[in-house]
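**Student:** Got a structure here, written out as structure tokens. Questions coming.
None of the figures in this text is laboratory data; all of them are computed from the coordinates on show. As the structure is a computational prediction, the values presented were derived from the model and not from experiment. In this analysis, Cβ positions are derived from the backbone assuming ideal geometry, glycine residues included, and neighbour counts consider all displayed protein chains.
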Amino acid sequence: YSTTWDKITKNINKSESFGEQIEKSSYYEEDLAKVLKETNSDDEKILAIFDLVKSKVKWNDFIGYKTNDGVKKAYKEGVGNVAEINLILVSMLKKAGIKANPVLISTRDNGVPLFPTRSGFNYVVCAVEKEHGLIYLDATQKNANINILPTRAINWLGRIVREDNTSDWVQLSPKKTSKEIISLNLDLNEDLTETGKLRKRLTDYYAFNYRDDNRGKAKESIIQDIENDNSGLIINEINHKDLDNTYKPITYDYDFTYEGAAEEIAGMIYLSPLAFLISEENPFVQEQRNYPIDFVAPLSSKYIVNINLPEGYVVDALPESASVKFNANAASFTYIAKQVGNKIQIMVDTEINQTLITPDQYLDFKKFYQFLKDKE
């Protein structure tokens, strides 16, 4: 029979496996009181409760907006599904006086819910209403941060459900730009190897993904992974800052030797200005697409490369500087190459501001991306 989204969400909220679970609190009150003693502001309360839930209940890899064994058992045994974990989070925040509500979501695998039906949702996260808007929390991920939802949960719109049974559609797509900033200082040696130092800073989704891949790994394992992805690269030591601090950007650096960085032909030395920073080939090779390209979040990559030439060498030719935009400011790419004394400086700036590239925009975006790859 026909119904509405308001009726669907109201029935879900009144169910024993959803709304009633949020009202339960006796099982965690002692733990909550302990963490709140160390907080002063609402922001501190939110982070403290977020960390408490992440540390207390491990995700069992099951998704769904309904609890299975209930929040009390999940908290006691330290393992639960998505609903149990995030409804505990909602409940704790409410208990602490924070305006928090669950948000029903259809994951990417489940598709976009077009018609009112309970099966249109299969996931739930927490939203905190603040003066400047909503912030999203998902405590199923150890490395989760404020407003950093797992990719599976970012699927256009979610449905916020309030305790008075009212509900509204809310936008899930991230607004904040995730940034990657790389500084590379190189010395070109007589044997055509390069030695130097790389420094990298990662924020938001760049940092989230790096932590997921590397947090808890031995340094030797991280170095091995980087070397395996970059033939000819030999890393001496890697140093991280704030790798274990979920709420700060990650910075790391390493000293390296790069073999095969250049080649000599007829008395001329040819080298790639971006060395091993060159990424994979253009993945957009189809003549047409039926589905959009989804970058998940706005992205910014900035490279600054300084190459010190050996004594007695002069620059014969540099790559041409260039700048190109896609669809006004939806995406942009700037490449600047210049010589300062006996040093070559390369600056590359790539911005992806429009996270969803529709099929009708594909061919123009393909040309834009190919221009970017050609300059690399």
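**Student:** Is there a quick way to get the dipole size of region 1-116? I mean about its Cα centre, with the Cβ of Lys and Arg at +1 and of Asp and Glu at -1; what is the value in debye to the nearest 20?
**Tutor:** 200 debye
**Student:** Go ahead and collect, in residue order, the members of region 267-284 whose backbone nitrogen is under 14 Å from a label point 7 Å along the Cα-Cβ direction of Asp374.
**Tutor:** Answer for this model: 282.
**Student:** Kirkwood hydrodynamic radius, computed over distinct alpha-carbon pairs, for region 223-376: how many Å, to one decimal?
**Tutor:** 18.2 Å
**Student:** With θ taken as phi - 60° and the coefficients 6.51, -1.76 and 1.60, list the Karplus ³J(HN,Hα) couplings across region 206-223 in order, rounded to whole Hz; mark glycine and proline as x.
**Tutor:** For region 206-223, the Karplus-derived couplings read 4, 5, 4, 5, 5, 5, 4, 7, 10, 5, x, 7, 5, 4, 4, 5, 5, 4 Hz, x marking Gly and Pro.
**Student:** A follow-up question, please. What is the set of long-range amide H partners of Leu186 at a cut-off below 5 Å, with H atoms built 1.01 Å from backbone N?
**Tutor:** Asn306, Ile307, Asn308
**Student:** Right, next: Quick one: Cα convex hull volume of the chain, Å³ per residue?
**Tutor:** Taking the convex hull of the Cα positions in the chain, it is 172 Å³ per residue.
**Student:** Go through region 241-256 residue by residue and turn each phi into a ³J(HN,Hα) via Karplus (6.51, -1.76, 1.60, θ = phi - 60°); whole Hz please, and just put x for glycine and proline.
**Tutor:** 10, 6, 4, 9, 9, 4, 9, 10, x, 9, 10, 8, 8, 7, 8, 8
**Student:** Assuming R0 = 22 Å, what is the FRET efficiency of Gln171 and Leu114, from their Cβ-Cβ distance, to the nearest 0.05?
**Tutor:** 0.85
**Student:** Which value at 222 nm does the chain reach when only helices count, each DSSP H run of 4 or more adding -39,500 (n - 2.57), with the total divided by all residues and rounded to the nearest 500 deg cm²/dmol? Intermediate values should be presented prior to the final figure.
**Tutor:** Numbers: 9 runs with 94 residues, N = 376.
The helix contribution divided over the chain gives -7500 deg cm²/dmol.
**Student:** Between region 196-244 and region 343-358, how far is it from one alpha carbon centroid to the other, in angstrom?
**Tutor:** Here the answer is 21 Å between Cα centres.
**Student:** When ranked by the protection proxy of mean other Cβ atoms within 10 Å per residue, highest first, what sequence do the peptides 303-311, 239-247 form? List each step's numbers first, then the result.
**Tutor:** Details: 303-311: 16.8, 239-247: 14.7.
Listed from highest to lowest mean packing, they are 303-311, 239-247.
**Student:** Report the residues of region 354-376 in range of a label on Asn282: point 7 Å along Cα→C-beta, backbone N strictly under 16 Å from it.
**Tutor:** Hits in region 354-376 for Asn282 at 16 Å: 361-376.
**Student:** Add +1 for every Lys or Arg and -1 for every Asp or Glu among the other residues with Cβ under 10 Å from the Cβ of Ile88, and state the total. Walk me through the numbers before you get to the answer.
**Tutor:** Numbers: positive: Lys24, Lys56, Lys72; negative: Glu84.
Local charge sum for Ile88: +2.
**Student:** Starting from 0.36 nm per residue, how many nanometres of slack lie between Thr39 and Glu320 once their C-alpha separation is accounted for?
**Tutor:** Contour length minus Cα-Cα distance gives 95.7 nm.
**Student:** By per-residue mean of other Cβ atoms within 10 Å, what is the highest-first order of 162-173, 341-352? Provide the component values of the computation, followed by the final result.
**Tutor:** Details: 162-173: 14.4, 341-352: 17.2.
Ranked from most to least packed, the peptides come out as 341-352, 162-173.
**Student:** Let me ask another. Given Cβ point charges of +1 (Lys, Arg) and -1 (Asp, Glu) and nothing else, what value in debye, to the nearest 20, does the dipole of region 237-376 about its Cα centre take?
**Tutor:** 560 debye
**Student:** Now, a different point. Work out the charge dipole of the chain with +1 on the Cβ of Lys and Arg and -1 on the Cβ of Asp and Glu about the Cα centre, then indicate which of Gly19, Leu277, Ile46 is farthest towards its positive end.
**Tutor:** My answer, from the dipole projection, is Gly19.
**Student:** I would also like to ask the following. Under the 0.36 nm per residue contour assumption, what length would be gained going from the current alpha-carbon distance of Glu30 and Asp294 to full extension? Display every interim value, and only then the final one.
**Tutor:** Numbers: separation 264, 0.36 × 264 = 95.04 nm, distance 4.32 nm.
Gain in length upon complete extension: 90.7 nm.
**Student:** At 7 Å along Cα-to-Cβ for each site, give me the label-to-label distance between Phe62 and Glu227 in nm.
**Tutor:** Roughly 4.4 nm, to one decimal.
**Student:** Would you mind giving the three semi-axes, in whole Å and largest first, of the ellipsoid equivalent to region 178-217 according to its Cα gyration tensor?
**Tutor:** The answer is 29, 13, 6 Å, longest axis first.
**Student:** Further question: Give me the distance between the Cα centres of region 13-29 and region 33-107, rounded to whole Å.
**Tutor:** 11 Å
**Student:** So if each residue of separation counts as 0.36 nm, and I subtract the Cα-Cα distance between Ser183 and Ala266, what length gain in nm does that give?
**Tutor:** Roughly 26.7 nm would be gained on extension.
**Student:** Let me check against my output: what whole-number percent is the relative contact order of region 80-222, with C-alpha pairs under 8 Å and at least 6 apart?
**Tutor:** The normalised contact order for region 80-222 reaches 18 percent.
**Student:** What order, most packed first, do the peptides 46-52, 73-79 have when packing is the mean number of other Cβ atoms within 10 Å of each residue?
**Tutor:** Result, highest mean Cβ count within 10 Å first: 46-52, 73-79.
**Student:** I would also like to ask the following. Assign unit charges at the C-beta atoms only (+1 for Lys and Arg, -1 for Asp and Glu), then state the dipole size of the chain relative to its Cα centre in Debye, rounded to the nearest 20. Don't jump to the answer; show the numbers that get you there.
**Tutor:** Numbers: 46 positive and 56 negative charges, 401 e Å.
The dipole magnitude comes to about 1920 debye.
**Student:** Please give the net charge around Ile223, taking every other residue with its beta carbon less than 12 angstrom from that of Ile223, where Lys and Arg add +1 and Asp and Glu add -1.
**Tutor:** Taking every Cβ under 12 Å from that of Ile223, the sum is -4.
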